[in-house]
Amino acid sequence: MGRHREFDVEKALDAAMCVFWRKGYEGASYADLTQAAGVERPALYSAFGNKEALFKKVLTRYYERHLDYIPVALQLPTAREVAAHILFNAIDLNTRYPEHTGCLGINGILAGSDEAEPVRLALIEARAEGEAMLLARFERAKVEGDLLPTANPDTLAKFVLAILHGMAVQAKAGFSPETLRAVAEQALSAFPGVR
């Protein structure tokens, strides 16, 4: 008969999320993860598998718990409101926790070794899914006449994500929420005109 886990799996996942968010995938050691989760390494392995599997579980949790503003944004009536909602909510998230600023998806692996390639690919895939949703929403906006006929939904989705990702890096570097809001406002001023 297997031993009963003696720790709260949910709390351990949240603790690991904070470590990965702060230190990135490669910067987070097993010592960091076990100390934050309050468990020994074998228990962490038993519950979550290896570090890569733990990171992927954490990434799923991060998207579910912290990026819930994105589906809300995609339902807003105009493309500009979609972009504004995403940018301003990202600023809030990227600066809300002083001990782990920025975005887990961006901080996760800005640079990584060959061994971290599966994690880098998982993050690329997650960002590509987000880009596809944004592209579909902007294509719909163009069909509905919310965007000018000359607007390019693909480029617009990439533009919003470039600003979003850049602000995440700036938040990690210590930029204030006020500075990031000014950046978002500047980006929105370049948003293609509507009807």
| field | Accessible surface, 1.4 Å probe, highest first, among residues S176, S189 | value | S189, S176
| Residue with peak Gaussian network fluctuation, the chain [Cα springs, cutoff 10 Å], from E115, E129, E185 | E115
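Enter the mean projected area of the convex hull around the alpha-carbon atoms of the chain, in nm², rounded to one decimal. Show your work: numbers first, answer last.
Working: hull surface 49.1 nm².
Quarter of the Cα hull surface area: 12.3 nm².
What are the DSSP H helices in the chain that stretch 20 Å or more along their long axis, judged by alpha-carbon atoms, and whose average Kyte-Doolittle hydropathy comes to at least 0.0?
Details: long enough: 9-27 (22 Å, -0.05); 51-66 (21 Å, -1.11); 79-96 (25 Å, 0.22); 117-143 (38 Å, 0.08); 153-172 (29 Å, 0.77).
TM-like helix candidates: 79-96, 117-143, 153-172.
In deg cm²/dmol, rounded to 500, what helix-only [θ] at 222 nm does the chain give when every DSSP H run of at least 4 residues adds -39500 (n - 2.57) and the total is split over its residues?
On the way: 10 runs with 139 residues, N = 195.
One gets -23000 deg cm²/dmol as the mean residue ellipticity at 222 nm.
Considering only protein heavy atoms and a 1.4 Å probe, what is the carbon-and-sulfur percentage of the accessible area of the chain?
On the way: 5760 of 10250 Å².
Here carbon and sulfur together make up 56 percent of the probe-accessible area.
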| Most fluctuating residue given options A168, A73, A136, as computed from a GNM of the chain linking Cα atoms under 10 Å | A136
| Considering only T34, N107, L93, whose Cα is most displaced toward the positive end of the charge dipole of region 9-190, charges sitting on Cβ of Lys, Arg (+1) and Asp, Glu (-1)? | T34
| task | Could you give the size of the charge dipole of region 9-190 about its Cα centre, using +1 on the Cβ of each K and R and -1 on the Cβ of each D and E, expressed in debye and rounded to the nearest 20? | result | 160 debye
| note | Between the modelled labels at K11 and E64 (7 Å from Cα along Cα→Cβ) the distance in nm is 1.9 nm
| Using heavy-atom solvent-accessible surface (probe 1.4 Å) with all chains present, what is the largest-first order of C103, C18? | C18, C103
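Arrange the residues Y25, Y45, Y97, Y62 by how much accessible surface each exposes, largest first, with a 1.4 angstrom probe.
Values: Y25 25, Y45 90, Y97 60, Y62 0 Å².
Descending accessible area places them as Y45, Y97, Y25, Y62.
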| said: For q values of 0.18 Å⁻¹, compute log₁₀ I(q)/I(0) with the Debye formula on a Cα-only model of region 130-170, without solvent. | reply: -0.49
| request: Please build a GNM for the chain, connecting alpha carbons under 10 Å apart, and tell me which residue among T150, T78, T34 fluctuates the most. | output: T150
| said: If you count only protein heavy atoms with a 1.4 Å probe, what accessible area per residue comes out for the chain, rounded to a whole Å²? | reply: 53 Å²
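The values are calculated or read from the model by the stated rules, or taken from the named source; none is laboratory data. Note that the structure is predicted; figures quoted are calculated from it, not measured. Every residue, glycine as well, gets a Cβ built from its backbone with ideal geometry; the counts of neighbours run over all protein chains shown. These accessible areas exclude ligands, DNA and RNA; they are computed on the full protein's heavy atoms, side chains included. Shrake-Rupley method; radii C 1.70, N 1.55, O 1.52, S 1.80 Å.
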